[in-house]
């Protein structure tokens with residue numbers, strides 16, 4: 001039984017994901033979105049179209065458990081940036097994981113399955129995430145609970161398909177020509193790899209390209225004292 005080790009006692013009504021209806025197909029794309037970029041939009045549009053989704057949620061997480069999150073902007077700021085890019089009415093921006101008090105995808109998917117038993121959820125991720133999927137907490141539980149759609153990313157195609165997680169799931173691979181059937185009477189794990197137009201945008205590259213704040217000018221008195229110390233040493 002997938003998720004037997006996942007804490008799913010999330011009965012609080014404080015947790016408010018977007019509104020959905022029984023029978024809908026909902027894609028979940030989680031991340032820190034620091035910052036969001038056009039690659040996230042491209043992944044979303046590809047998944048919506050190829051999987052026949054009713055909605056795709058951008059789940060803005062409290063932080064990535066595999067990364068150092070010092071300096072991570074508040075979720076409210078990242079959500080506002082996401083809303084500017086999520087330009088399809090089927091894309092919903094949410095941060096309900098903060099109220100779950102867990103940063104782990106396995107716990108999030110266990111919560112959603114429990115609260116919405118009549119909804120078909122899908123986990124959506126880029127190929128770069130598949131390459132490290134085997135490092136996620138209870139990643140096999142995620143694969144056994146929900147179908148997974150991996151969207152190609154520049155430079156990650158071969159590494160993703162050669163990853164430990166992809167090899168573990170290789171017998172349950174669904175060719176992308178049948179992607180629309182994912183989740184329809186298929187045993188799990190079930191996953192597909194979607195190819196198409198690629199975006200070279202990267203949150204890491206965007207952060208690294210930001211100019212550093214210039215050094216603040218020293219007060220006049222401090223600058224004069226500094227020059228006097230230098231002159232005295234000559």
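The values are calculated or read from the model by the stated rules, or taken from the named source; none is laboratory data. Just so you know, these numbers come straight off a predicted model, no measurement behind them. Glycine also receives a Cβ, built like all others from the backbone with ideal geometry; neighbour counts cover every protein chain displayed.
When we screen 29, 1 for residues that are modelled with pLDDT of 90 or more and closer than 21 Å to residue 140 by Cβ, the only hit is 29.
Taking the conditions exactly as written (under 13 Å from the mean Cα position of the chain (by Cα), modelled with pLDDT under 95 and part of a loop (DSSP other than H, G, I, E, B)), does residue 66 satisfy them or not? In short, yes. Going by the structure shown, is residue 141 outside any loop (DSSP other than H, G, I, E, B), buried (at least 19 other Cβ atoms within 10 Å of the Cβ) and in contact (Cβ under 8 Å) with a residue 12 or more places away in the chain? Yes, satisfied. Residues that are under 20 Å from residue 131 (Cα atoms), outside any strand (DSSP E or B) and touching a strand residue (DSSP E or B) at 6+ places or on another chain (Cβ under 6 Å) within the range 164-194 comprise 169, 174, 176, listed in sequence order. Scan the range 114-121 and tell me whether some residue there is crowded, with 18+ Cβ neighbours inside 10 Å and either closer than 21 Å to residue 191 by Cα or more than 16 Å from the chain's Cα centre (by Cα) (or both). Yes, some residue in the range 114-121 is crowded, with 18+ Cβ neighbours inside 10 Å and either closer than 21 Å to residue 191 by Cα or more than 16 Å from the chain's Cα centre (by Cα) (or both).
Within the range 84-99, the set of residues being outside any loop (DSSP other than H, G, I, E, B) and either over 16 Å from the mean Cα position of the chain (by Cα) or modelled with pLDDT of 95 or more (or both) comprises 84, 91, 92, 93, 94, 99.
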